[in-house]
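The values are calculated or read from the model by the stated rules, or taken from the named source; none is laboratory data. Because the structure is predicted, anything quoted here is derived from the model rather than measured. Cβ atoms come from the backbone with ideal geometry, glycine included; neighbour counts cover every protein chain shown.
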């Protein structure tokens, strides 16, 4: 039956190709939708990993790194550095700003750092050298056609783009980096706020541990002994951020993935139905030759499996190409279509909807009468 | 020829139906993406839209509310109030922050109200108080459905615990849930006092918005002054800006998928009738007749699928919003027009493949078994 299925596919190569192309497109769509969700989570991991700290300290009651306002007291650094196992604590401040250029506005997070926790990689230009310098993420650079040396205006204060970093984005919001000196110049020069205290000058502390220290133990010590602050391991903070994203977008993403699965079932059903209908005479002949119902079903299933086996890698290649195009045109989004978990889920989903779709033409095969073969020959 | 192709399509009702189901589902994906995006963008601007002051005053350089941070000294309120033509200037203190509800984190607009600022408070209350007291919070009623939140329950904003004192209507959004607390409570969270974020300015009857806007700009330093319409436009633009590329890409993918299914459908419908088309050719029908007939057949599939997908969405959207109240979806005439034109154009292009293959068939070859 396997050979029969192969020959059936080779009988009309154009039709088989078009069929597999449609299947590949469905698989690519499923992969891209799934990759969007995975990408959001991966960006959270990357953003925290790029800060190069195993332990993060936040304001008490704040359990996220992205999309929150956290404010720590000025003495927090000294207090944390007094904890056993802590080598040093580095302050960073995050601040949401809205960057507008040529009539286009974009929400951006400004991350202020001292000498630790800044941009992980510079893909173009230089790192920050003085208080006027700013490093922007590639997604902002692409969107506004910014190059190193260009001005970057925040609330009327001009920074100088020293360099461009990559992968500094989370939750559909890119980051720009400035030094603490840059922040102070910005606050005083722009005269936009009535009081400097309105800015949280320390949002988080990035804790560098001694080589023998255990992150969990240090977190427990901070949470027990320091008031008004809360410590998290990097993994805990990432988990909290992912949960927040899931709380906000989970239902929508699930709805879209569900629609893509329904498309999968419908398209495969359509393909099988059309194929079985067009082969009514072949089935009649096979029935007349003595092939039983199960054998014929087997041949349909084999044919479907062969098509899926070819369409899956083609769909994956298409998804990689489309994801690459999206990431290149809008680097704010990360689409890890080759994520092993995603590939497995999609492959299992394909298997399930193929089986579901295979039920669709069973009645057609069953009702095909062997005498049809003789009638059609007359 | 056209009559024949329509008759043939009718003879293959089940195949046609299966094809339409495939195209419809791909179009539903495109519509769903657009509807979610538009629905959510509209929800994001709900607060300013309902407040509807004549003029908004905020920190210099700020032009909207979504994702914005703005602080003004409290005395700016007196300065604005003193401008000729200003009837009332209502202050609010505002930040974007997380609110913890039964172990879940919600990104929220936290609006801090003074006791006199009822004008800037909730526009529709379904249960409990319409203005919060110290330590109290008014939250969207959707949270009652989502998390089983009840009046008297506790929620957290930063390190402060608040008691739910009221449920409000039409204030929930996936990206920005609007909650109301007392300004003094928000000052505690910010660890500062004496500041406001926005002034909602109502003007005297008979005054013109642009004239009063200009007066405020001249008389009050270091502030940004925008008419309500400008402010709303900026906010909506900002809401649409987030994720717009992604939605465009996803829509393109959905459209490409629909086109492929249309091409596949067209091809299978035509392939089944190769012999008849070959006979038509040998009887002298021109290639243009065959092209037209095949395009019309494909258009039939596209138009019925488009109609079915929009009808499905009109029925399904309220059901989805009831089952998952955190999802907000909205259809618009512009969206219908755009998706319909893209689907029709891609349908025509997709049908050209089977049409081309058919007109190039030699009648003699097609008649061979």
Out of (1) in contact (Cβ under 8 Å) with a residue 24 or more places away in the chain; (2) crowded, with 20+ Cβ neighbours inside 10 Å; (3) more than 30 Å from residue B:324 (Cα to Cα); (4) out of contact with any strand residue (DSSP E or B) (no Cβ under 7 Å at 6 or more places or on another chain), what's the single condition that is false for residue A:274? (1)
Which one of these is modelled with pLDDT of 90 or more, in contact with a helix residue (DSSP H, G or I) (Cβ under 7 Å, 6 or more places away or on another chain) and either over 26 Å from residue A:344 (Cα atoms) or at the interface with chain B (Cβ under 10 Å from one of its Cβ atoms) (or both): A:92, A:86, A:26, A:66? A:86
Kindly indicate which of B:107, B:37 is under 30 Å from residue B:331 (Cα atoms), within 13 Å of another protein chain (Cβ to nearest Cβ) and surrounded by fewer than 24 Cβ atoms within 10 Å (Cβ to Cβ). B:107
The listed residue being surrounded by 19 or more Cβ atoms within 10 Å (Cβ to Cβ), over 30 Å from residue B:87 (Cα atoms) and in contact (Cβ under 8 Å) with a residue 60 or more places away in the chain, out of B:257, B:226: B:257
Could you tell me whether residue B:92 is under 25 Å from residue A:59 (Cβ atoms), more than 14 Å from chain A (Cβ to nearest Cβ) and either part of a strand (DSSP E or B) or under 24 Å from the mean Cα position of the chain (by Cα) (or both)? yes
Give me a count of the residues in region B:68-83 that are within 14 Å of another protein chain (Cβ to nearest Cβ), under 15 Å from residue B:222 (Cβ atoms) and touching a residue at least 24 places away in the same chain (Cβ under 8 Å). 8
Out of A:26, A:104, A:68, sole residue that is on the phi < 0 side of the Ramachandran plot and surrounded by fewer than 21 Cβ atoms within 10 Å (Cβ to Cβ): A:104
Select from region A:139-151 the residues that are away from chain B (no Cβ under 14 Å) and touching a residue at least 12 places away in the same chain (Cβ under 8 Å) and list them in ascending order. A:141, A:146, A:147, A:148, A:149
Residue list for region A:1-23, filter: surrounded by fewer than 18 Cβ atoms within 10 Å (Cβ to Cβ), touching a residue at least 40 places away in the same chain (Cβ under 8 Å) and within 10 Å of chain B (Cβ to nearest Cβ): A:21
Please pick out the residue among B:284, B:347 that is assigned to a loop (DSSP other than H, G, I, E, B), more than 30 Å from residue B:142 (Cα to Cα), over 21 Å from the mean Cα position of the chain (by Cα) and at pLDDT 75 or above. B:284
Which one of these does residue A:44 not meet: (1) more than 14 Å from every other protein chain (Cβ to nearest Cβ); (2) in contact with a helix residue (DSSP H, G or I) (Cβ under 9 Å, 6 or more places away or on another chain); (3) under 30 Å from residue A:67 (Cβ atoms)? (1)
List the strands (runs of 3 or more DSSP E) that sit entirely inside region A:154-271 and contain at least 1 residues that are farther than 30 Å from residue B:15 by Cβ and at the interface with another protein chain (Cβ under 10 Å from one of its Cβ atoms). A:157-165, A:173-179, A:229-233
Which of the numbered conditions does residue A:299 fail, given that it passes all the others? Conditions: (1) over 16 Å from the mean Cα position of the chain (by Cα); (2) assigned to a loop (DSSP other than H, G, I, E, B). (2)
Checked B:65, B:51, B:98, B:58 against criteria (touching a strand residue (DSSP E or B) at 6+ places or on another chain (Cβ under 9 Å), within 29 Å of residue B:334 (Cα to Cα) and either at the interface with chain A (Cβ under 9 Å from one of its Cβ atoms) or surrounded by 24 or more Cβ atoms within 10 Å (Cβ to Cβ) (or both)); the one match is B:65
Would you check if there is a residue in region A:340-358 being over 30 Å from residue A:276 (Cα atoms), touching a residue at least 12 places away in the same chain (Cβ under 8 Å) and part of a loop (DSSP other than H, G, I, E, B)? no
When region A:102-137 is examined, which residues are found to be within 14 Å of another protein chain (Cβ to nearest Cβ) and farther than 23 Å from residue A:53 by Cα? A:102, A:103, A:104, A:105, A:106, A:107
In region A:128-140, the residues that are surrounded by 15 or more Cβ atoms within 10 Å (Cβ to Cβ) and more than 22 Å from residue A:106 (Cα to Cα): A:128, A:131
As an exercise: evaluate residue A:72 against (1) over 30 Å from residue B:159 (Cα atoms); (2) touching a residue at least 40 places away in the same chain (Cβ under 8 Å) and give the number of the one condition it does not meet. (1)
Failed condition for residue A:291, given (1) within 30 Å of residue A:176 (Cβ to Cβ); (2) in a loop (DSSP other than H, G, I, E, B): (1)
Does residue A:35 satisfy the condition of being part of a loop (DSSP other than H, G, I, E, B), within 13 Å of chain B (Cβ to nearest Cβ) and buried (at least 22 other Cβ atoms within 10 Å of the Cβ)? no
Give me the residue from region B:180-196 that is modelled with pLDDT of 95 or more and in contact with a helix residue (DSSP H, G or I) (Cβ under 9 Å, 6 or more places away or on another chain) and, out of that set, surrounded by the fewest Cβ atoms within 10 Å (Cβ to Cβ). B:181
Condition broken by residue A:50, with the remaining ones in (1) surrounded by 22 or more Cβ atoms within 10 Å (Cβ to Cβ); (2) more than 8 Å from chain B (Cβ to nearest Cβ); (3) within 28 Å of the chain's Cα centre (by Cα) satisfied: (1)
Can you spot a residue in region A:297-316 that is out of contact with any helix residue (DSSP H, G or I) (no Cβ under 8 Å at 6 or more places or on another chain), surrounded by 17 or more Cβ atoms within 10 Å (Cβ to Cβ) and over 21 Å from residue A:45 (Cβ atoms)? no
Before we move on, is residue B:160 within 12 Å of chain A (Cβ to nearest Cβ) and without any contact (Cβ under 8 Å) to a residue 24 or more places away in the chain? no
